[in-house]
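Input: a single structure, listed below in structure tokens.
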Amino acid sequence: MIGASRRSLSAAAAAAARSRVAASAASAVSADADASSVPPRPVSNGAPGVPQQQKRLLSVLAAPKVAGTSNVVSLKLMDGALIGRRYESSAAAVDSTDLPAEKHEYQAEVNRLMDLIVHSLYSNKEVFLRELVSNASDALDKLRYLSVTDPELLKDGPQLDIRIQTDKDNGIITITDSGIGMTKQELIDSLGTIASSGTAKFLKALKESQEAGMDSNLIGQFGVGFYSAFLVSEKVVVSTKSPKSDKQYVWEGQADSGSYTIREENDPEKLIPRGTRLTLYLKRDDKGFAHPERIQKLLKNYSQFVSFPIYTLQEKGFTKEVEVDEDPAEAQKEGDEPKKKTKTVVEKYWDWELANETQPIWLRNPKEVSTEEYNEFYKKTFNEYLDPLASSHFTTEGEVEFRSILFVPATRKDDITDSRKTKNIRLYVKRVFISDDFDGELFPRYLSFVKGVVDSNDLPLNVSREILQESRIVRIMRKRLVRKAFDMILGISCSENRDDYERFWENYGKFLKLGAMEDKENHKRIAPLLRFFSSQSNDELISLDEYVENMKPEQKDIYFIAADSLSSAKNAPFLERLTEKEYEVLLFVDPMDEVAIQNLVSYKDKKFVDISKEDLDLGDNNEEREKEIKQEFSQTCDWIKNRLGDKVARVDISNRLRSSPCVLVAAKFGWSANMERLMRAQSMGDTSSLDFMRSRKVFEINPEHEIIKALNVACRNNPDDPEALKALDVLFETAMISSGFSPDNPAELSGKIYEMMTSAIAGKWSSQSEAQPANPIPQHSAPVMSDEPLEAEVVESEPAADAGQQK
């Protein structure tokens, strides 16, 4: 046994000599070997027959040279034991080939599972780093939690961090954490079992969870998070050391293999005190991930709010002055001795850099966060340069727990018609960024301008947009986020500074109108936020609450009219009677206004009424008077209807006119003039429905107007008079224009108007000119001149003389 020990030590001494270990260390080892008469200790790890004491020795001899120190390894003989000043290792430096690796088979078909991971669970390859950093963070969390009751777990070092190193030339990424680590059996259970009962059970569990609306929490159950490393790696090596074990094990797997190996780590250079070191050998097409700048960018995007520090090895540099000897030949020419000059050089070095400096302020108490901190967080997270209009920081508890901060940007970047997806909501799970690619899962389309972060502990780490669509938790989160967003906007509208909400409405008013069209559930929250012009607002926007407050006691409905401009709406003939009664009318000049209000139907139990449509009830009808007028003009109405034919549905006596002779109103369930104009402008509009809706118009006449009275006489005396019929045609087409409709034949209408103007003004001024001289001379003009030529008298310039006086 002693002879075997000597041979082992001699081999170790030779290895140490090749490693440039000092001769004094080797002699000390030999002396210790000769003097040793203590029987070897039982083998606890390493190769059979190699005592633990010798393994410590070999670890010392194989210690690498440290920069800035000598090659002599400090050794000390104490009580027959050789103790070295190297703390990283306690295992023997025996070649790993002496210990064959154990081969294990996966419990599921790897190829099928990898295809599922790539095409179903993950939308892009770069999430591999997010998953692996999340696993490292979980390992650190577990160690911190267990160390509360067992402080001995931190004996190898209290520091808890994650360190990432890259080799861009060879395409290697190394991720090291000082977490809880794994034993050999834990390696088999955690990494060898992709799906605990095969891929079939994995797929079945995924399908059942989606059908039941449950969470697909597959990360911890199936180890999918770790296997995302094979998205970019052709080989993965996991070296781990648990504080519960004195051995370090290495797990190694290939992307295209159905098995993996586990062996004990015997290389002192690769030993770690505690935790896990993950080495990824990237595929040829994915070696771009090994650039330090790329890793730094991915960490900032996905893992900047992880609760443990993440360090990356970055190349840095500093400038310094160095002395440069002057050329002796030049110095001899000058006749002086050579002088030393200096120049500035850049000294490069590698150093660890903290990658996650920004703190997740949503985890703090809102009362402890200042407005400046919110603004700074908003600008840094969303790359903005202006402070937000408003922010909302809240925590939701109960059935679903999550924390969130929402912001309303000061300016709009995306138009409401932009079909591109916004990336304004960043979803985090346990402070790990999951995604910002949402299409209505967390916020409806009309609130897509709201920016913010949402952090939930109830969602799985492997959520994708497809899984989010089926998640019950996400549906609950959506309702609460929408409610908080409306509360935040309502706070802007109630601000003492009216300009704040005017600026908000200028940027996002169309979004809220879209919400009135699409989101029936939130009509009560959207309606108070809408703003419109009115007939009494002096070109200022008012809210529906302000309109209701200004309503007359006898007024029952909210009146509105839609037009293509504010001027057209104000001067429309439909307002004449309402203006007389001092009823306020909302003026809709935006194409979305009318559609939005039609979807709201009512506000505070008061219906919205379009004054450009039939059956307008102003609440002051005199039935007896109306009956008399209808009897008097019934023949005239029939005569007008026969003349217009299918152009109108019927002819009625109007109760909305005062100064205009007639008006053309839309049917109660038909399109208004403004809506017809918008539908005609649609390139894909349905012309058949357009023709049908256009035919549903009602021609209303004002019996108090002189034109209508004259036509009434013509109807009774000579209904076939061409002049009367022509006047009726012009009257109808003119009413179309004043009511907001477009005439079918503008050229024909122009011809009729020109003809009537010619008849009206023909000879009117010419008859007056014939009754007077061609060149009449007013009586107060100058005296009549004779036919004889006049001579001009030349007058010298004198102060009192009149210049230009004629003789």
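Say R0 is 22 Å: what FRET efficiency, to the nearest 0.05, do Asp436 and Arg412 get from their beta-carbon distance?
That pair, Asp436 with Arg412, gives E of 0.75.
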Share, in percent, of DSSP beta bridges within segment 530-610 that are antiparallel, nearest 5:
45
Between Arg144 and Lys300, the two model label points (7 Å from Cα along the beta-carbon direction) sit apart by a distance in nm of 2.4
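At a 1.4 Å probe, what is the % contribution of carbon and sulfur to the accessible area of segment 623-758? Mind dumping the intermediate values first?
Working: 3900 of 7570 Å².
Carbon plus sulfur share of accessible area: 52 percent.
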Whichever lysines have a C-alpha closer than 16 Å to that of Lys184, once near sequence neighbours (fewer than 8 apart) are set aside:
Lys103, Lys241, Lys244, Lys247
Taking 0.36 nm per residue of separation between Lys423 and Val713 and subtracting their Cα-Cα distance, the length gained on full extension comes to 97.4 nm
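Using 0.36 nm per residue of separation minus the Cα-Cα distance, give me the extension gain between Ser565 and Lys155 in nm, one decimal.
Working: separation 410, 0.36 × 410 = 147.60 nm, distance 7.79 nm.
My answer for the length gained is 139.8 nm.
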Straight-line reach from Lys367: which lysines have a Cα under 25 Å away, not including same-chain ones fewer than 8 places off?
Lys379, Lys380, Lys430, Lys451, Lys479, Lys484
For segment 528-613, give the magnitude of the charge dipole about the Cα centre (Cβ charges: +1 Lys/Arg, -1 Asp/Glu; no others), in debye to the nearest 20.
280
Residues in segment 515-544, backbone N under 20 Å from the label point at Lys604 (7 Å along the Cα-to-beta-carbon vector): list them, ranges by number please.
516, 522-538, 540-544
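Using only alpha carbon pairs under 8 Å that are at least six residues apart, calculate the relative contact order of segment 623-758 and give it in whole percent.
Values: 142 pairs, mean separation 41.2, N = 136.
Contact order relative to length: 30 percent.
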At q = 0.11, 0.12, 0.13, 0.14 Å⁻¹, what is the base-10 log of I(q)/I(0) for segment 524-669 according to the Debye formula with one equal point scatterer per Cα and no solvent? Please give it to two decimals.
-0.47, -0.55, -0.64, -0.73
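May I ask you to compute the full-extension gain from Glu269 to Lys630, defined as 0.36 nm times their residue separation minus their alpha-carbon distance, rounded to one decimal in nm? If you can, show how the numbers build up before the last one.
Working: separation 361, 0.36 × 361 = 129.96 nm, distance 10.71 nm.
119.3 nm is the gain from fully extending Glu269 to Lys630.
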Near-label residues of segment 131-161 by backbone N, under 14 Å of a point 7 Å along Cα→Cβ of Leu354
160-161
Quick check: at a probe of 1.4 Å, how many percent of the accessible area of segment 530-610 sits on carbon and sulfur atoms?
43
Approximate spin-label separation Glu293-Val324, in nm, with each point projected 7 Å along Cα-to-Cβ
2.8
Largest-first principal axis extents of the Cα set of segment 623-758 (Å):
49, 42, 25
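The values are calculated or read from the model by the stated rules, or taken from the named source; none is laboratory data. Quick caveat, the model's predicted, so the values are computed rather than measured. FYI the Cβ positions are ideal-geometry reconstructions off the backbone, even for glycines, and counts take in every protein chain you see. All accessible areas refer to the heavy atoms of the entire protein, side chains included, with ligands and DNA or RNA removed. Shrake-Rupley method; radii C 1.70, N 1.55, O 1.52, S 1.80 Å.
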